[in-house]
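Structure, as C-alpha cells:
The values are calculated or read from the model by the stated rules, or taken from the named source; none is laboratory data. Only a predicted model underlies this, so the values are computations on that prediction, with no experimental measurement involved. Every residue, glycine as well, gets a Cβ built from its backbone with ideal geometry; the counts of neighbours run over all protein chains shown.
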Amino acid sequence: MNMYAQNTVSGTVRDGNGEPLLGVSVIVKHGKATTGSVTDLNGHYQVKADPNATIEFSFVGFKSVTVPANQKVINVTLHDDNQLLDEVVVVGYGTQKKVNLTGSVSQVTAEVLENRSTSPA
C-alpha cells in the first residue's frame, strides 16, 4: 500500500431511522492490508485510505456495507438484519452462532416476570 496516495476519508454512519450509530467498525481493505476505526458518539468516523481501497462498515444487527474509498466524504446508512440477530447469541464478551452453542438456553417473556410472586422485604 502506497502511503503517499492515501486520502483522509470521513463521514457519518446512521441507521434506517437517520439516528447516528456509535461503535460501527470502519475497516479499510487494500489487498491483504487492513486498517480501521470505529464511529464516535455522533456516528462520525475518519480513516486514511488509498483511493483504490474499499471501506467496509459493519455493526451487530445490521447488514454490512462495502463502498469504494474514492471520495473524501462517505456517509452510510446501515439497515437492520433481523435474520442475523436471530442466528447470533451474545455470550459474555463474545458471540456464538446458535448452531455452535452448547449448554442451557431459555427465553423468558414479560408475562412470566409479571406473574411471579414476590415476598415482602
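Applying a threshold of 8 Å to beta carbon distances and a minimum spacing of six or more residues, or different chains, the list of pairs starting in region 18-32 at a residue that is closer than 16 Å to residue 51 by Cβ and ending at one that is basic (Lys, Arg) and assigned to a strand (DSSP E or B) reads 28/48.
Among the residues making up region 47-73, those that are part of a loop (DSSP other than H, G, I, E, B) and over 14 Å from residue 6 (Cα atoms) are 59, 60, 61, 63, 64. Could you look through region 64-73, keep only residues that are closer than 12 Å to residue 51 by Cβ and touching a residue at least 24 places away in the same chain (Cβ under 8 Å), and pick out the one that is nearest to the chain's Cα centre (by Cα)? Out of the qualifying residues, it is 69. Scanning region 7-46 for residues that are part of a loop (DSSP other than H, G, I, E, B), farther than 17 Å from residue 56 by Cβ and in contact with a strand residue (DSSP E or B) (Cβ under 6 Å, 6 or more places away or on another chain) yields a total of 1. In region 96-118, the condition of being assigned to a strand (DSSP E or B) and either modelled with pLDDT of 90 or more or surrounded by 10 or more Cβ atoms within 10 Å (Cβ to Cβ) (or both) is met by at least one residue.
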